[in-house]
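What follows is a single structure, written as structure tokens, with notes after it.
The values are calculated or read from the model by the stated rules, or taken from the named source; none is laboratory data. What you see is a predicted model, and the numbers here were worked out from it, not measured in a lab. Cβ placement follows ideal geometry from the backbone for every residue including glycine, while neighbour counts extend to all protein chains displayed.
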Amino acid sequence: MQTSVVVFTCDLRVSDHPPLRAALRGGGRVVPLFVRDPAVDAAGFAAPNRLAFLADCLRDLDARLRERGGQLVLREGDTVTEVCRLAAEADADEVHMAGDVSAFAHAREQRLRPALEGDGRRLYVHDTVSTAVAPGAVTPASSDHFAVFTPYYRRWSEQGLREVLDAPRSITVPEEVGSAPLPERAGVSGVSPGLCAGGETEGRRRLTAWLRSGVDAYVERHDDLAGDATSRLSPHLHFGTLSPVEVVHRARRTGGSGAEAFVRQIAWRDFNRQVLAARPDAATHDYRTRRDRWRGGRDAEADAEAWRAGRTGYPVVDAAMRQLRHEGWMHNRGRLLAASFLTKTLYVDWRVGARHFLDLLVDGDVANNQLNWQWMAGTGTDTRPNRVLNPVVQGKRYDPDGAYVRRWVEELTGVEGADVHEPWKRPARERAGIGYPEPVVSLAEGLDRFRRARARS
């Protein structure tokens, strides 16, 4: 009887899972494997929020496999070593896994393939497991990737997506294969108190609820900070507890402008992945350099620390940063405002902000995080690299009655209406009484400094 190994990475589900279905096609035995690789942690994955969410995902995946007669096998160590060892133990003929775009994933595949082939085994890498459209599937005539989203989105929308694959009914795992204990969320310290639950069961519940009651109003409400009217599915897409192919199919079946606007966000995710696949050094280097000489030294670090702590003196920025610390997640409009403020108003290197976000975001991944930071810093694919978001104007526009700010900045809970976005206009005695900091820099000074710096570049 043929035996196959399925290596789970960023695809922690049983529904619409091409590697799993391919491994089961011959009707043989399958070993569902997840490897806790110290190299992945060393590369920046081992943030408490993601480790806690991962523990939820692995336990839920194991439960869903057991419902089908299988189980998840966990091993710890170098991925290539452990996959080859397990394949030998199970006498497996082939190994299946999802493709990914990070430099780490590419290096892992380049090591794993010859190691398996040397033992007489084959590696199959499957596309459209973590994306709706595979990186490189659509390209312009003059380049290996699209650098502007709008033409990419037109081509992306024309692609016929593969059909959604049902979850398998039964899985047979070899009895002789052992597993390390699965991790538990309770064993992770430093987790954000408001971190959401992980796992495919929870992801599918959230998706169904969103498509029933949230997506129709997405166009009108997606920037409403206090309304919290986004899907909050990004952690599940990042860990692969939801399939982007299935999400797009189900969203399109609901119809309407809200569904298409939501699908557009899935396309943005694919866009960033095709950029990173073509330019892997964009994870750490400017995609399009502006020759920035970012501020350094004691003053810049003090400003960056005020930004991390949510004490810049600009309420909507501080609210977003405090939401991040409490939930391990941040509203997308808040992400734009926080990134603009750090890179444009404070003129601090985008990598400082990207690193902090990766330390806390449960949905933090290299493609979306780094390239969205570069987009806002003006070093990425944005065609308007010098745009600056004014936090006061933006706060009044997207949090008009100040509800979002008062939810997260407790010092300002007693300030009424839109005045909450400009607390420095209140009398000095009142400001001293609320304990909220003065702005770290005036917006005019920050804007002038940024423009002068870019003009010199």
Members of region 373-405 that are crowded, with 21+ Cβ neighbours inside 10 Å and more than 30 Å from V275 (Cβ to Cβ): G395, D399, G402, Y404, V405
Go through the residues of region 175-196 one by one and say whether even a single one is assigned to a loop (DSSP other than H, G, I, E, B), of a type outside the set (K, R) and free of Cβ contacts under 8 Å to residues at least 12 places away in the same chain. yes
In region 200-222, anything surrounded by fewer than 24 Cβ atoms within 10 Å (Cβ to Cβ) and in contact (Cβ under 8 Å) with a residue 60 or more places away in the chain is listed as T201, E202, R204, H222
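Listed here are the residues, each with its yes/no results for (1) at positive phi; (2) touching a Leu at 6+ places or on another chain (Cβ under 8 Å).
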| residue | (1), (2) |
| --- | --- |
| H222 | no, no |
| P235 | no, no |
| A251 | no, yes |
| G256 | yes, no |
| W268 | no, no |
| R298 | no, no |
| A304 | no, yes |
Between a first residue in region 47-76 that is farther than 29 Å from H326 by Cβ and a second residue that is at pLDDT below 95 and assigned to a helix (DSSP H, G or I), which pairs have beta carbons less than 9 Å apart while being 6 or more apart in sequence or on different chains? E76/P38
Would you mind stating whether L225 is outside any helix (DSSP H, G or I), surrounded by 20 or more Cβ atoms within 10 Å (Cβ to Cβ), of a type outside the set (F, W, Y) and more than 18 Å from the chain's Cα centre (by Cα)? yes
Within region 410-419, identify whether any single residue is in the same structural domain as R311 (by TED's automatic domain parsing), farther than 23 Å from A229 by Cα, surrounded by fewer than 19 Cβ atoms within 10 Å (Cβ to Cβ) and not charged (D, E, K, R), and answer yes or no. yes
Of the residues in region 122-152 that are surrounded by fewer than 18 Cβ atoms within 10 Å (Cβ to Cβ) and among the hydroxyl-bearing types (S, T, Y), the one that is farthest from R111 (Cα to Cα) is T150
Which one of these does S340 not meet: (1) free of Cβ contacts under 8 Å to residues at least 40 places away in the same chain; (2) of a type outside the set (K, R); (3) in contact with a Leu (Cβ under 6 Å, 6 or more places away or on another chain)? (1)
Taking R50 as the residue in question, decide whether it is assigned to a helix (DSSP H, G or I) and under 29 Å from D119 (Cα atoms). no
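Here's the yes/no breakdown for (1) part of a loop (DSSP other than H, G, I, E, B); (2) closer than 27 Å to L61 by Cα; (3) in contact with a His (Cβ under 9 Å, 6 or more places away or on another chain):
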{"site": "V125", "(1), (2), (3)": "no, yes, yes"}
{"site": "V129", "(1), (2), (3)": "yes, yes, yes"}
{"site": "H145", "(1), (2), (3)": "yes, no, no"}
{"site": "R155", "(1), (2), (3)": "no, no, no"}
{"site": "L161", "(1), (2), (3)": "yes, yes, yes"}
{"site": "P168", "(1), (2), (3)": "yes, yes, yes"}
{"site": "T172", "(1), (2), (3)": "yes, yes, no"}
{"site": "E202", "(1), (2), (3)": "no, yes, yes"}
{"site": "A229", "(1), (2), (3)": "yes, no, yes"}
